[in-house]
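Here is the structure we will look at.
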Amino acid sequence: MRKRISRIDGIIWRKVGEEVAIIVLEDTSNSLHILNKTAAHIWEMCDGEHDADDIAASINERFDVTLEKAKADVDATIDKLEKMKVIEYD
Amino acid sequence: MNVQKKAESNVLTSSHTLQVQAGDICCMLRCDDEETMARLREIYGNFLTDQYADIVLELKTINKVSINMFEELLPKMKVSHEATKDGDLFETPDLTANGACDLNTGKVTLNVEKHFLDSDAGRGYVNHGLCLVYHTACKLKHNGHPPALIVHSCAVIRNNRVFLFAGPSGIGKTTVARMCGDKYGQVLNDEGVLLSRPGQDNNTLMVKGIPIIGELPYRLNTTVPLGAIFLLKQAEKTSARRLSQMEAYTRFMRQVARPIYMAKQERREVYALIAEFSEEVSRTTPFFELEFTLDQESLWEVVGEVEKSLDKEGRNNEKTDIQD
């Protein structure tokens, strides 16, 4: 079964140039995370419509990397975003 | 709801009334204490207006403690807020300041120790109060979407453009204003200004004077197009480095006064607005990191070089537009 990925509602983020800045509000402080161009593309595809395979295929096509490398990049980025608690699986 | 009329109808006009302008907001200040009114006129004299009041501030002064005791209390002072669905109640633990805001009528009542206006140490709180009142009025007038936000910066006018020198407290904003004097430009304010948001067509951003009190007595009420923003860094040599949009975004957002208003508000709303504004400004404005020393000549020489490079860039963009 496909596991589509979504950004968690209410997360503050902005596309800044080709990168993305995410602000995570914590209880007493905030943290700012910057995603580079590739990670920003992965983030933008976490829209509830795509799963990790879709995203890897898009990275493979758009950034001229092998599918294997794209899958590894997507897995690593998704893992980081999950730890930041800014994405979820539908 | 016609907030303007509603707010104004709650006010009795008297000689103890001042109307102060901050951007497109007009705040009516009422206070029965003549000494306080004289001080307010002195501080806000360049910003008096006869526009409709968007918000009304009823000020009552109290005189509970000596100036010495007040200055001892200030560093420990924390304002606690109790947000209710209709507005906000706030007070300091020793009650040197307390008050309430009624968003339905656009009326703020504030009981405040008189020394806030006398003391250098109280200046930050007076400025904080002005920011709160401005954002509260924007909540009423613009439904929480201010047309301009307050940026902590020293603003200098040179050749019909404003250059903002921004950075955290203590980085040298007032030093830059002092190093400017009357020779290298005209200081608009050494502590903060209003910066407009770009429209859909990315219009040039405008800098507006606001009656924020800095260390120096510069408080011009004027509006001038923005030239560039310098993020200050003290160093051993003066130089300027162009910043990428992301560098500009992450560093600039810390210089934006938090758009907090006096009512129940989620933190998300505050930071989402700062993030949106910072992205807009970093996209449309040249940003530089300005490393500087206390050498006046080299500071303004470097700023002059940046101005020339911006002019050249502008001319090249015009040529590209014509070719397109």
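The values are calculated or read from the model by the stated rules, or taken from the named source; none is laboratory data. Only a predicted model underlies this, so the values are computations on that prediction, with no experimental measurement involved. Every residue, glycine as well, gets a Cβ built from its backbone with ideal geometry; the counts of neighbours run over all protein chains shown. Please note that ligands, DNA and RNA were not included when accessible areas were found on the heavy atoms of the full protein model with its side chains. Shrake-Rupley method; radii C 1.70, N 1.55, O 1.52, S 1.80 Å.
Remark: A:I59 falls outside the filter, which requires a residue to be over 30 Å from B:T284 (Cα atoms), under 14 Å from the mean Cα position of the chain (by Cα), away from chain B (no Cβ under 14 Å) and open to solvent by less than 20 Å² (accessible area, probe 1.4 Å). Considered as a group, the residues in segment B:36-58 that are hydrophobic (A, V, I, L, M, F, W, C) and closer than 20 Å to B:D120 by Cβ include one that is surrounded by the fewest Cβ atoms within 10 Å (Cβ to Cβ), and that residue is B:A38.
Taken over segment A:25-45, the residue count meeting the criterion of being assigned to a strand (DSSP E or B), modelled with pLDDT of 95 or more and surrounded by fewer than 19 Cβ atoms within 10 Å (Cβ to Cβ) is 3. The residue list A:G48, A:G10 contains one member that is at the interface with chain B (Cβ under 10 Å from one of its Cβ atoms) and more than 23 Å from B:Q245 (Cβ to Cβ), which is A:G10.
Of the strands (runs of 3 or more DSSP E) lying entirely inside segment B:187-247, those carrying at least 2 residues that are within 28 Å of A:L35 (Cβ to Cβ) and modelled with pLDDT of 95 or more are B:223-234, B:239-242. Take the residues in segment B:282-305 that are in contact with a Phe, Trp or Tyr (Cβ under 6 Å, 6 or more places away or on another chain) and not aromatic (F, W, Y), then tell me which one is farthest from the other protein chains (Cβ to nearest Cβ). Result: B:L299.
Within segment B:135-183, the set of residues being open to solvent by 10 Å² or more (accessible area, probe 1.4 Å) and among the hydrophobic types (A, V, I, L, M, F, W, C) comprises B:L140, B:I157, B:I171, B:M179.
Can you find a residue that is touching a helix residue (DSSP H, G or I) at 6+ places or on another chain (Cβ under 9 Å), among the β-branched types (V, I, T) and open to solvent by 20 Å² or more (accessible area, probe 1.4 Å) anywhere in segment B:184-207? So far as segment B:184-207 goes, yes, one or more of its residues are touching a helix residue (DSSP H, G or I) at 6+ places or on another chain (Cβ under 9 Å), among the β-branched types (V, I, T) and open to solvent by 20 Å² or more (accessible area, probe 1.4 Å).
Among the residues of segment B:248-271, those identified as open to solvent by less than 30 Å² (accessible area, probe 1.4 Å), within 10 Å of another protein chain (Cβ to nearest Cβ) and over 19 Å from the mean Cα position of the chain (by Cα) are B:A248, B:T250. Put simply, of B:S282, B:S239, B:S298, B:S309 the only residue that is without any contact (Cβ under 8 Å) to a residue 12 or more places away in the chain and over 17 Å from B:P168 (Cα atoms) is B:S309.
A:A70 meets all of the listed conditions (1) open to solvent by 60 Å² or more (accessible area, probe 1.4 Å); (2) more than 27 Å from B:E269 (Cβ to Cβ) but one, namely (1).
With respect to A:W13, is the statement that it is aromatic (F, W, Y), open to solvent by less than 50 Å² (accessible area, probe 1.4 Å) and either out of contact with any Leu (no Cβ under 9 Å at 6 or more places or on another chain) or at pLDDT 95 or above (or both) true? So A:W13 does not fit the description; no.
Just to be sure I understand, how many residues within segment B:59-97 are modelled with pLDDT of 80 or more and buried (at least 17 other Cβ atoms within 10 Å of the Cβ)? Result for segment B:59-97: 2. Looking only at residues of segment A:21-45 that are among the charged types (D, E, K, R) and farther than 18 Å from B:M253 by Cα, we find that the one that is farthest from the other protein chains (Cβ to nearest Cβ) is A:E44. Set side by side, the residues A:V20, A:V16 differ, and just one is within 24 Å of B:R268 (Cα to Cα) and under 10 Å from the mean Cα position of the chain (by Cα), which is A:V20.
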